[in-house]
Amino acid sequence: MMNFKEILRIPSKYLRGISLPIIAAMLALMVIGITAISVAEQAARPNSIVRGSTIKQCIYAVVGIVAFIAAVVVPYRRIGQSSYILFGINLSLLILVLFLPPIRNSHRWIDLRIFKVQPSELIKVTYVVALAWYLRYRDNYRRASGLIAPFVLTLIPAVLILIEPDLGTTLLLFPTLFFMLFMAGAKLRHLVTVIILAAAVALMPIPIDTTGKDDTLTKDRKALAYWSGKIGKKEYTLLAGSLSIMKPHQLARIEGWIKQSDRCIAMSKGFQLQVSMFILGSGGLTGEKMTRQKNIYFRMLPDDHTDFIYTIIGGQWGFLGCLAVLFIYLVIFFFGAEIAGTTDDPFGRLLVLGMLGLLFSQVFINLGMTMGLMPITGMTLPLISYGGSSMVVNCIAMGLMINVAHRRPRLLGRKPFEHGKNAQEEVASIGPLFQWAQSRNYNHNNKK
């Protein structure tokens, strides 16, 4: 039987060597999110879907903390060893969800009655873990041909998520991929070449026959077309390749973002974006300017407790509130980078960098769309926006970073990602005992 003192030592075992500022920042973002959701709920109409969201978010936060603890306790290398299995199960869920009844006109959720599971949220973590495990001891991605496997690993979930449709999560995977490849040592010229080719494909003109068609989709395509007119007896629309596969509501969002100066477009297709920017601009320094009118404007903003929660923060607490949120995210980025910089385990370092890239991309896209710098893509703000799957997944991401911080090893082998160095020169510069230890560690790593 364990005595009371031994029980008290258990938390210290897992708190030793971790970055407490990350935990404090995570909890602070949760509190801000719950408070902002409560503000949105108070301003909502009696029959609004926002009603009851605050209590649910509190429950999601508790579940997220449990998931965070689990992600800290289980050694991250064990998780890495099961990464391909977890990734494969997640891909199966992405396929399964396409055959289930749609919810809110999309196939994103698996309804388990008690709660809904969103596989496209879970793929964020399983994808990063699988990619980090693949890249940990390889250097073939420093060649152009070596980039094929990581891109295939990214394209498979990206295509499945795009079919749902969920454009925001699809776009999120590629910045994370490039960030991890760059930090792992991939050559910049190769990555830039891939970006240029991808942009060329996305913007490549594709002719679409629109003869006799006058539906909403055709009108939206013509509004964003390079050229539209008749060739002989047929009418064609020359459209960018990426736009030709998008749904009508996605095209409407892009048109509302591109044509913000057009009053008619801004008040129809760009209405949500215009209201968001108006609330952010009217919040003032501390939010006092919207004390009386904020409830009216908050009601005008759809999805204010999910994708546009940052707008609620700006309207309620003004510029200082928005600045405080950015500062808390910077704390996570700073101490997360410190964890990545002080571990010599390639998998641990890539895992932390992948989670940081994932978090940074989500924050960048969400803030960009709320301020009119990017089109609306349906991206949640990590740890703040309403949603159980999003909360749990981001808590797991924080837990994995703390996991690496708690178990960061000190290997005697050469440091990861230092490609092209002569191992014999490094061995010659250290003593005989360290030469023996290094050779044992080097052989052990190769066996893995």
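The convex hull drawn around the Cα atoms of region 60-102, when projected onto a plane and averaged over every direction, covers 4.1 nm².
How many percent of the alpha carbon pairs in region 285-374 exceed a separation of 18 Å? Display every interim value, and only then the final one.
Numbers: 2205 of 4005 pairs.
Here the tail beyond 18 Å accounts for 55 percent of pairs.
Tally up the carbon and sulfur contribution to the accessible surface of region 72-210 as a whole percent, 1.4 Å probe, everything protein left in place. In region 72-210, the share of accessible area belonging to carbon and sulfur is 72 percent.
Listed values for region 105-112 are Karplus-derived 3J(HN,Hα) couplings in whole Hz (6.51 cos²θ - 1.76 cosθ + 1.60, θ = phi - 60°), namely 6, 8, 9, 10, 10, 9, 7, 9, and x replaces Gly and Pro.
Positive end of the dipole of region 273-406, charges at C-beta (+1 Lys, Arg; -1 Asp, Glu), about the Cα centre: which of Gly341, Ala324, Phe364 has its Cα farthest in that direction? Farthest towards the positive end: Ala324.
Distance distribution P(r), region 141-194, all Cα-Cα pairs, bin width 5 angstrom from 0: 4, 20, 29, 21, 14, 9, 3 percent.
List, in the order given, every pair from Lys230/Lys269; Lys230/Lys259; Lys116/Lys222; Lys213/Lys259; Lys56/Lys247 whose Cα-Cα distance in the structure shown is over 29 Å. List each step's numbers first, then the result.
Numbers: Lys230/Lys269 27 Å; Lys230/Lys259 25 Å; Lys116/Lys222 37 Å; Lys213/Lys259 24 Å; Lys56/Lys247 31 Å.
The pairs that break the limit, which is 29 Å between Cα atoms, are Lys116/Lys222; Lys56/Lys247.
A protection proxy built from the mean count of other Cβ atoms within 10 Å ranks the segments 389-398, 201-210, 65-74, most packed first, as 389-398, 65-74, 201-210. Sort region 52-166 into rounded, prolate or oblate with this rule: let a ≥ b ≥ c be the square roots of the eigenvalues of the Cα gyration tensor; rounded if a/c is under 1.5, and if a/c is not under 1.5, prolate when a/b is larger than b/c, oblate otherwise. In terms of gyration-tensor shape, oblate.
The values are calculated or read from the model by the stated rules, or taken from the named source; none is laboratory data. Given the structure is predicted, the values throughout are model-derived calculations rather than measurements. Positions of Cβ are generated from backbone atoms using ideal geometry, with glycine treated the same way; all protein chains shown enter the neighbour counts. All accessible areas refer to the heavy atoms of the entire protein, side chains included, with ligands and DNA or RNA removed. Shrake-Rupley method; radii C 1.70, N 1.55, O 1.52, S 1.80 Å.
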